[in-house]
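The values are calculated or read from the model by the stated rules, or taken from the named source; none is laboratory data. Every value quoted in this text rests on a predicted model; they were computed, and no experiment measured them. Methodologically, a virtual Cβ is constructed for each residue, glycine included, from the backbone with ideal geometry; neighbour enumeration extends over all protein chains shown. What goes into the accessible areas is simple: the full protein's heavy atoms, side chains included, and nothing from ligands, DNA or RNA. Shrake-Rupley method; radii C 1.70, N 1.55, O 1.52, S 1.80 Å.
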Amino acid sequence: MSHPTQRRRTATAIAGVVLAALSAASLVSCSSDSDDGSTSSASAADTASFSGSAPSALASVKESVKESVSAAASSASARASARASAWLASVDAETERANEAAKDALKDVDGKGNATADVSLTGKPRSETAGLLALVVNITNSTDKTASYAVQVDFRDPDGKVVQTRYVGAEDLKPGGKAQPLAISTAPAEPQLTAVVAKAQRY
């Protein structure tokens, strides 16, 4: 027959084993919960970082940048055209009248005319002409009498083809007198053109 003290010791030992088992189970459960939560969180972060919508957003940004650049280029071109038009409009009516007179004076002139030696061309910086090709036509009356001048300036492409022709003139220049009208091309900047004095007539 068991002694009462021995039975109490056995019961205490059994209770201790049960409590230890329960404690271990609780720890495993907590560890499992923590692992699941950590895995879930990492998975969510990965999904957010590599969402399928990111490339689409990037493409949209690129397209927006392209449109902005295109719009800026169009706006710059429009502004350049407006500046060129304003600069051309600044040429006064008297100069235009003289140019028309020069064109009429050269209609019946054969060859290069009688005054090419009195005429030379000097280029102007495009920064001063709103981007247009403009030449100063230097006219000097080398005679001892008052005279008028008519000059034809041809703008030629690299192949030598005449792209544009301009007429300028100077009226009633005294002996030794000088004039500097402008010959202006409105052709595009490319291909680059070369200006030459095609005709020059003193009358």
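Quick notes on this one:
- Conditions (1) touching a strand residue (DSSP E or B) at 6+ places or on another chain (Cβ under 8 Å); (2) at pLDDT below 90: number failed by ALA105: (2)
- Of all residues in segment 146-170 being touching a helix residue (DSSP H, G or I) at 6+ places or on another chain (Cβ under 8 Å) and aromatic (Phe, Trp, Tyr), the one that is most open to solvent (accessible area, probe 1.4 Å): TYR167
- Subset of segment 112-130 (residues that are without any contact (Cβ under 8 Å) to a residue 12 or more places away in the chain and open to solvent by less than 80 Å² (accessible area, probe 1.4 Å)): PRO125
- Residue match in segment 131-140 (condition: in contact with a strand residue (DSSP E or B) (Cβ under 7 Å, 6 or more places away or on another chain), among the hydroxyl-bearing types (Ser, Thr, Tyr), under 18 Å from LYS103 (Cβ atoms) and open to solvent by 40 Å² or more (accessible area, probe 1.4 Å)): no
- Of all residues making up segment 171-182, the number that are open to solvent by less than 30 Å² (accessible area, probe 1.4 Å) and at pLDDT below 95: 1
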